[in-house]
Amino acid sequence: MSKRKVLVVDDSLLARMAVKKHINAEAFEIYEANDGAKGVALYKEIMPDFVFLDLTMPVMDGFKALEEIKKINPNALVVVLTADIQIKTTEKIMELGAYKVLKKPPVKEEIENTIKEIINILERV
Amino acid sequence: MTQSENRLILSDFEKDALKEIINLAFGSASAGLADVMGMYVFLNVPVIEVMQPEEICKYIENEISLSKGLNVVEQYYIGKIRGMAYMVLSFENVDEILTILGLKEIQKVQSYSHDILAQETIIEIANIIIGACVSKIAEMLSDVVTYLPPRYIGSDYSLEAISKELFKPDSYVIILKTVFKFEGKEVNGYIFLVNTYDSIQWLKDSINKFIEAYI
């Protein structure tokens, strides 16, 4: 069985590494992009099963990238990771169709549980 | 400063980590500011620059148009990380902030001086945003900082004089810059955190400890 694909979009290498360490590399193919525009382009190319997306990024921010990804695939499963704890930010992200918002820095249990939830969803489809 | 000299102070990966730390800190700061302002706050990707003290003034002036005057608030922070924080707003921005907060109406009714009200308001905003940013950075790097009260230095500020007073001429400073905007309003402000040379080694070590714990 082929591996599931995960796309991690964050301008910070450190932040991408922090997410990747909680993803089982034997079970997933992990792809990375360091800004929103590259993330959208890579999404279109590889059509990953789900995405971890940062918000504050150069070139194209996470809000716009989320919008673009949802245009490509309205059912895209996008988990937004953000340090911005304003309620309105969370509301806006959910309105744009994110699957979930997780607070940065990423917590192991939250990432692992979110991946489990997503796998359950994907297996039901 | 050449790129290689710049890297001697902080490697690209350390800069990347520091940017992420600032991102986390400004995320908390924006929530505090949004509560006070009652509106959504946007933050840009932070920028980190390493330079010599005499370059600070020119750098900040290049970033912000001085043609219409500025409001500047400074606040000194002291811990293992030490330096001066500046919040910079244009005069038009301060007027807009007073309108957003409904203070222009109060000013009319209660006959407060516009200038005093403007100063007090931006000092309070600076206090919230600088406090949240610096404290969060310090917390993430296992430091505790204390602050001197924020000081309004107005449009006739002299960053040159301040930088001479605070920073040794042959040293380096790390500038951390971010721009914040209010939703639907033409209000842009800048925050600069200018850290002294003697905190750089500590900062480097702490960033590396943070990296180890983070990944």
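Observations
- Region A:1-24 versus region A:29-81: alpha-carbon centroid distance in Å: 12 Å
- Remark: B:L70, A:L55 ranked as B:L70, A:L55, counting other beta-carbon atoms within 10 Å and listing the fewest first.
- Per-residue shielding of B:29-36, expressed as the average number of other chain Cβ atoms within 10 Å of the residue Cβ, stands at 3.
- Stretchable slack from B:E54 to B:E124, in nm (0.36 nm times residue separation minus alpha-carbon distance): 22.3 nm
- Computed from the C-beta positions of A:K3 and B:K181 and an R0 of 35 Å, the FRET efficiency is 0.30 to the nearest 0.05.
- Taking label points 7 Å from Cα along the Cα-to-Cβ direction, B:N208 and A:N75 give a separation of 4.9 nm.
- Partner chain coverage, peptide A:4-12 - average Cβ within 10 angstrom: 2
- The residues B:M51, A:M47, B:M87, when put in order of fewest to most other Cβ atoms within 10 Å, stand as A:M47, B:M51, B:M87.
- Label-to-label distance, nm, for residues given as A:M47 and B:I215 (7 Å Cα→Cβ offset): 3.3 nm
- B:F13 paired with A:N120, simple spin-label distance in nm, labels 7 Å along Cα-to-beta-carbon: 3.7 nm
- Neighbour counts of C-beta atoms inside 10 Å place B:C133, B:C57 in the sequence B:C57, B:C133, starting with the fewest.
All of the numbers you see were taken from the coordinates with simple rules; none came from a lab. None of these values were measured; they are calculated from a predicted model. Here Cβ is always computed from backbone atoms with ideal geometry, including for glycine, and neighbour counts include all displayed protein chains.
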